[in-house]
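Input: a single structure, listed below in structure tokens.
The values are calculated or read from the model by the stated rules, or taken from the named source; none is laboratory data. Just so it is clear, the model here is predicted, and its values are computed rather than measured. Counting neighbours? That spans all protein chains shown, and the Cβs are built from the backbone with ideal geometry, glycine included. The accessibility values were calculated without ligands, DNA or RNA, using every heavy atom of the protein model including side chains. Shrake-Rupley method; radii C 1.70, N 1.55, O 1.52, S 1.80 Å.
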Amino acid sequence: MHQFIFIFLLILCIQSPAKGEGNSFSVQLIHRNSPKSPSYNSSATPSELIEDAILRSLDRANFFRSSMILKEKTIMPTLVPHGGDYYMRIYIGSRQVEVLALADTGSDLIWIRCLPFDRIALFDPQRSTTYKRLFHETSFCRLVPIWKNAPHCLYNYTYVDGSYSLGLLSNETFYLNDTTTTNGRANSFPRVVFGCGQKNHLPFKSSHAQGIVGLGRGLLSLVSQLKSQNIEERFSYCLLPWKKLISNKIKFGVGAKINGPGIVSSKLVTKDSSNFYFLSLKSISIGNNKTRISQIPGNILIDSGTPLTTLHSSFYNDLEAIVKEVIGVEPISNPPEKLKLCYEPSFVEDVSLPEMIFHFDGADIRLLPINTFVEYKEFQCMMIIPDDNLSIFGSMAQVNFQIEYDLKENKISFAPTDCTIFGLRE
């Protein structure tokens with residue numbers, strides 16, 4: 001199994017700013033199934049963890065699909081996107097209240113449960129001297145669905161899965177812990193715009209979450225708002241393989257720029273007025289065999305919260321045929337769950353699983369078997385599945401790559417690396 005079965009817990013630590021270049025900070029990543037995670041389940045079997053990852057991938061694909069087809073601005077696909085693979089530990093307000101929120105590259109709004117009306121919330125805005133409600137006429141208020149006309153910005157997010165959040169768009173100081181300093185002090189980011197959720201209903205699966213930290217391309221996301229804090233609109237991460245419990249980091253700002261050999265970049269594509277991270281996948285090759293060429297821009301999105309990779313059937317069918325030809329043995333007739341291609345372990349003991357090259361526009365990404373296959377229920381299964389509605393380059397495919405999101409230059413860069421080493425570097 002691989003990294004994709006984990007939700008990470010993020011603990012922020014600010015690095016020293018580079019003089020004249022702006023600030024930067026990094027976030028510590030911890031596997032979902034690490035004992036440090038609130039989602040840790042010591043009794044879960046490896047197969048059960050993979051089953052959960054498969055279901056989360058399907059839910060996540062439905063989330064993106066629903067988001068792109070819904071036209072009514074007051075109806076959203078889901079309050080807490082299923083399949084989010086990270087938690088972020090943040091501290092809010094003058095009392096620096098600790099909350100645990102989902103970090104999500106598929107969302108923009110920073111949203112937190114708030115007292116007094118949400119009885120399980122931890123943050124009470126009335127006890128913070130730095131809390132401030134935003135007025136209705138502010139530019140940020142135009143970016144959210146309005147609850148009702150009032151002097152202050154009252155938002156109403158209602159979702160097709162039955163969840164909702166009603167609250168106030170607000171300003172507050174967010175504190176990000178600097179674990180590298182000896183005094184343990186936190187660094188402050190004042191006037192961050194966020195939704196202070198007063199009346200909320202979340203799905204049961206999200207019971208650990210106190211909210212969301214959006215990392216998308218929109219103006220309300222944390223990445224975009226950090227620009228006003230002299231932090232570049234840039235972040236990078238390096239996802240660990242399965243069972244690597246060494247802490248890793250996601251980096252923001254000038255320190256997020258990746259370096260080293262083998263860096264390739266692909267332009268981001270804007271489509272459907274969404275703020276998701278779309279790339280253009282031209283073809284996939286194994287050796288001299290290549291799938292058909294696509295001329296459709298923005299035909300796949302990259303998402304750190306979707307474990308499996310999904311491909312439109314026009315890509316998937318070609319890829320499956322090539323994999324079968326290269327491996328040269330018959331797959332099992334009834335693969336488990338939603339998977340399509342699995343082999344008996346004895347059949348592949350003497351056969352090397354194939355490497356694949358994903359040919360993005362301007363960037364060829366070589367995926368090793370660790371990125372595409374996993375042992376599941378005693379079979380070797382390809383963790384790429386067909387989806388005629390949406391293609392997603394999932395988190396398993398991103399393992400052992402430094403991946404940099406540069407919103408200013410409108411591109412994503414990749415560099416192969418050992419992410420256990422990347423995580424130990426400051």
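Here are a few things to note about the model shown:
- Applying the criteria of a DSSP loop state and at most 13 other Cβ atoms within 10 Å to the GluC sites (Glu not before Pro) of region 298-370 yields GLU349.
- Evaluated over region 247-323, the count of Lys pairs having alpha-carbon atoms less than 18 Å apart is 5 (only pairs 8 or more residues apart or interchain).
- Summarising the label geometry, the points placed 7 Å from Cα in the beta-carbon direction at SER313 and GLU375 lie 3.4 nm from one another.
- ASN410 versus ARG366: modelled label distance in nm, points set 7 Å from Cα along the beta carbon direction: 3.1 nm
- For region 299-352, with all protein chains in place and a probe radius of 1.4 Å, 43% of the accessible heavy-atom surface sits on carbon or sulfur.
- Given R0 = 35 Å, the distance between the Cβ atoms of ILE332 and ILE296 translates into a calculated FRET efficiency of 0.60.
- Å² per residue, accessible surface of region 293-355 at 1.4 Å: 47 Å²
- Compared with the alpha-carbon gap, the fully stretched path from THR130 to ASN156 is longer by 7.0 nm at 0.36 nm per residue.
- Phi-derived couplings, Karplus 6.51 cos²θ - 1.76 cosθ + 1.60 at θ = phi - 60°, listed residue by residue for region 280-289: 10, 9, 8, 6, 10, 10, 10, x, 8, 8 Hz, with x used for Gly and Pro.
- SER66/SER352 FRET efficiency (R0 56 Å; Cβ-Cβ; nearest 0.05): 0.90
- In this Cβ point-charge picture (+1 for Lys and Arg, -1 for Asp and Glu), region 364-426 has a dipole of about 80 debye about its Cα centre.
- Between TYR164 and ILE263, the distance separating the two model label sites (each 7 Å from Cα on the Cα→Cβ line) works out to 4.8 nm.
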